[in-house]
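Please treat every number below as a calculation from the coordinates, not as lab data. Keep in mind the model is a prediction, meaning the values are calculated, not measured. Cβ placement follows ideal geometry from the backbone for every residue including glycine, while neighbour counts extend to all protein chains displayed.
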Amino acid sequence: MLEELKALEKRARAELEGLGALEALEGWRVAFLGRKGALTEILRSIGQAPPEQRPALGQEANRVKLALEQAYTDRAEALQRAEAQRQLAQEGVDVTLPGRPVAPGFLHISTQTLREIYAIFGAMGFQVFEAPDIETDVNNFQLLNIPPFHPARDMWSTFHTTREGVLLRTHTSPGQIRAMRQYCPEPIRVILPGKCYRYEQVTARHESMFYQVEGLAIGRDVTMGDLKGVLTHFARQIFGPERKVRFRASYFPFTEPSAEMDIDCVICGGKGCRVCKNSGWLEILGSGMVHPQVLRNGGYDPAVHTGFAFGMGPERIAMLKYAIDDIRYFFANDLRFLQQFA
Ligand code: PHE
């Protein structure tokens with residue numbers, strides 16, 4: 001029986017070594033160490049051996065049992081380690097490989113123009129004030145002196161939402177009301193950049209979505225002279241120090257008086273060309289003194305405070321600056337256009 005035990009140990013070890021995968025281990029354990037396994041069988045039969053042999057047999061059987069159990073654990077660990085190694089080698093990342101080059105990005109031309117505008121007004125003490133794209137009819141129109149059915153509503157074809165009285169702002173001017181209500185009765189010097197939306201036929205000159213930058217200055221002694229000074233300085237900063245400007249009387253329901261500002265044509269220098277339609281002038285923004293009723297709607301007393309406001313389109317400014325002849329390029333996402341401003 002001793003021989004049998006020795007032979008069993010040898011066979012078990014040999015088979016264990018031959019196992020290539022973790023899954024095969026369980027079969028081996030059942031066959032040799034399991035309740036009906038070969039070793040258990042021998043252990044059971046020790047009772048039938050002559051009494052004087054039993055202690056030695058028992059001892060040897062126990063030694064073989066422990067040895068095989070240990071061998072089993074060792075083998076399991078070795079196989080686990082091998083498996084982990086194999087996975088590492090297969091899925092490992094070679095950190096020494098050179099990376100794939102990432103093309104550096106650049107700012108969209110509208111963003112670049114916006115930032116230029118921020119810098120120019122920032123230097124004159126204007127802060128950026130944020131206002132939402134989704135507005136109420138009250139802010140977008142009514143508090144700006146445009147009641148329902150006012151003919152001036154025709155100036156802004158509007159995207160309405162399914163909620164009554166809520167729309168996509170047609171201009172950044174409702175931000176004037178928000179800024180005034182936030183800061184009243186303090187003086188104000190802000191610009192309000194953001195997207196505007198108009199329900200319009202999209203053409204080379206009209207988009208349904210575009211940016212505007214609104215400006216608002218309110219104080220105790222703000223005059224039309226301040227308006228002209230600030231906007232003339234702006235025009236010369238963004239279009240060049242030699243720019244001539246002119247203010248033409250105009251109409252906006254929320255400013256009185258109102259004026260549009262033109263610069264002499266950046267293409268022909270005022271001689272007349274296709275871009276300025278032979279007039280020598282280019283319109284770049286709308287402006288005016290804040291209407292007394294609008295001041296009141298913002299919380300200010302027009303007997304104490306006055307203010308000026310203006311609104312411009314950065315895409316239009318970029319079009320004039322870079323002689324871009326179609327506003328649709330801006331948001332068509334054609335890299336051949338956008339990369340010219342990288
Ligand atoms: N909101 C006007 C527009 O979209 C522009 C404007 C702003 C005019 C502020 C005067 C004062 O056309």
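P(r) of segment 14-74 in 10 Å steps, Cα pairs, percent per bin?
20, 48, 24, 8, 1
Could you pull out every whole DSSP H run in the chain that spans at least 30 Å of Cα extent along its own axis and averages -1.0 or higher on the Kyte-Doolittle scale?
Values: long enough: 54-91 (55 Å, -0.96).
Long hydrophobic helices here: 54-91.
How many angstrom lie between the Cα centre of segment 250-264 and the Cα centre of segment 132-197?
A separation of 18 Å, based on Cα centres.
Cα atoms only, the chain: Rg and Dmax in Å?
Final numbers for Rg and Dmax: 42.0, 129 Å.
Please flag any cysteine in the chain that has no other cysteine's Cβ under 4.7 angstrom from its own Cβ.
C184, C196
Restricting to DSSP H runs of at least four residues, report the calculated mean residue ellipticity at 222 nm for the chain, -39500 (n - 2.57) per run over all residues, nearest 500 deg cm²/dmol. Show your work: numbers first, answer last.
On the way: 11 runs with 139 residues, N = 342.
Here the helix-only value at 222 nm equals -13000 deg cm²/dmol.
Equivalent-ellipsoid semi-axes (√(5λ), Cα gyration tensor) for segment 1-139, whole Å, largest first?
Working: eigenvalues 1298, 79, 30 Å².
Its equivalent ellipsoid spans semi-axes of 81, 20, 12 Å.
Determine, for each peptide in 64-77, 152-165, 304-317, 231-244, the mean count of other beta carbons within 10 angstrom over its residues, then list the peptides with the highest first. Walk me through the numbers before you get to the answer.
Details: 64-77: 14.6, 152-165: 12.4, 304-317: 22.4, 231-244: 16.4.
Output ranking for 64-77, 152-165, 304-317, 231-244: 304-317, 231-244, 64-77, 152-165.
Could you tell me which of rounded, prolate or oblate describes segment 95-250, using a ≥ b ≥ c as the square roots of the eigenvalues of the alpha-carbon gyration tensor, with rounded for a/c under 1.5 and, failing that, prolate when a/b is larger than b/c and oblate otherwise?
Details: a/c = 1.73, a/b = 1.22, b/c = 1.42.
Here segment 95-250 falls in the oblate category.
Compute the Cα gyration tensor for segment 54-110, then decide on rounded, prolate or oblate, letting a ≥ b ≥ c be the square roots of its eigenvalues: rounded whenever a/c is under 1.5, prolate when a/b is larger than b/c in the other cases, and oblate in all that remain. If you can, show how the numbers build up before the last one.
Numbers: a/c = 11.83, a/b = 6.05, b/c = 1.95.
Here segment 54-110 falls in the prolate category.
Just report the Cα centroid separation between segment 74-108 and segment 278-338, whole Å.
If you average the Cα positions of each part, the centres end up 54 Å apart.
How would segment 199-289 be classified by its alpha-carbon gyration tensor: rounded, prolate or oblate, with rounded meaning a/c under 1.5 and the a/b versus b/c comparison settling the rest?
Numbers: a/c = 1.96, a/b = 1.22, b/c = 1.61.
Oblate, because a/c is 1.5 or more while a/b does not exceed b/c.
What percent does the relative contact order of the chain come to when contacts are Cα pairs within less than 8 Å and at least six residues apart? Write out the running numbers ahead of the final one.
Details: 507 pairs, mean separation 49.6, N = 342.
Result for the chain is 15 percent.
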